[in-house]
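The values are calculated or read from the model by the stated rules, or taken from the named source; none is laboratory data. This one's a predicted model, so the numbers in the text were calculated from it and none came from an experiment. No Cβ is skipped: glycine too gets one built from the backbone with ideal geometry, and neighbour counts run over all protein chains shown. Protein only, heavy atoms only, side chains kept; ligands, DNA and RNA dropped before computing areas. Shrake-Rupley method; radii C 1.70, N 1.55, O 1.52, S 1.80 Å.
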Amino acid sequence: MVLGRGSHVVADTLLTIGDDCFFGPGVYVTTTNHSYDDPHTPVGKQWPRSAPVEIGAGSWIGTGAVILPGARLGRNVVAAAGAVVRGEVPDHAVVAGAPAKVVRTWDGKRAGSPAAHAAAGAGAGGRHRRRARSARRVAHGTGWDGGGGRRRVTARATRAADGYMVSILK
C-alpha cells in the first residue's frame, strides 16, 4: 500500500485495504462519522456512528478523495480526485463526484481498453503518433520524483500492445 502525503486514515472498527492499493495525497479514509439523530443536540455532541470499510486489491484512490464509513470498493477500482465515496462500488469501476457515482466500468470492449488498442493495430497510426508526441512532452522536462521534490527526467515513450509505455532513462 502507498499512502500519499497529507493523507489520513481513521479506523475505530474494521478497515480492510487489499494488496497493491495506491492513495494519492490528501486522501481521507474513515470508519467513523457524525450522527444526526437529535435535531436539538449539536452534531459534535452526538455519539458517532461506525461502519467497516473495505478497499479491494489493486485500487487507486485519487488526490483529495474521501472514503466514508460503510464503503465497499471492489478490486481495481479508481476513485477520481475529490470523489466522496460511500456505499458499494463494483470491481473494475471508475467513480467520480460528490457523492461518487460510477462513470466507467471495464467490459473488455470499450475504446481505450488494452483489447481495443490491440485490435486497432496500425490502422489508427495518426492517433498513435499524436499520443506518442503527447507522452514524450509529458515525460521530458520536469517531473515529480515520488519523494515530493522535483527532478529533471529523460524518458522515452514507446508503443505497446495496450497503449504507450513511458520508460524513465535517468
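Figures for the structure shown
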read-out: Residue match in segment 61-79 (condition: over 20 Å from Leu3 (Cα atoms) and either touching a Leu at 6+ places or on another chain (Cβ under 9 Å) or modelled with pLDDT under 50 (or both)); value: no
read-out: Which numbered condition Tyr36 misses (of (1) touching a residue at least 12 places away in the same chain (Cβ under 8 Å); (2) in a loop (DSSP other than H, G, I, E, B)); value: (1)
read-out: Boolean, Ala11 is open to solvent by 50 Å² or more (accessible area, probe 1.4 Å) and small (Gly, Ala, Ser); value: yes
read-out: Lone unmet requirement of (1) open to solvent by less than 30 Å² (accessible area, probe 1.4 Å); (2) farther than 21 Å from Val10 by Cβ; (3) of a type in the set (Val, Ile, Thr) for Val95; value: (2)
read-out: Answer residue from segment 63-72, given it is open to solvent by 10 Å² or more (accessible area, probe 1.4 Å) and free of Cβ contacts under 8 Å to residues at least 24 places away in the same chain and is farthest from the chain's Cα centre (by Cα) among those; value: Gly70
read-out: Residue within segment 67-79 that is over 22 Å from Thr105 (Cα atoms) and in a strand (DSSP E or B) present; value: no
read-out: Val9 assigned to a strand (DSSP E or B) and under 11 Å from the mean Cα position of the chain (by Cα); value: no
read-out: So Arg49, is it among the charged types (D, E, K, R), closer than 18 Å to Pro99 by Cβ and open to solvent by 60 Å² or more (accessible area, probe 1.4 Å); value: yes
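Okay, residues lined up against (1) among the β-branched types (Val, Ile, Thr); (2) more than 22 Å from Ala96 (Cβ to Cβ); (3) open to solvent by 40 Å² or more (accessible area, probe 1.4 Å):
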site: Thr16; (1), (2), (3): yes, yes, yes
site: Tyr28; (1), (2), (3): no, no, yes
site: Asp37; (1), (2), (3): no, yes, yes
site: Gly74; (1), (2), (3): no, no, no
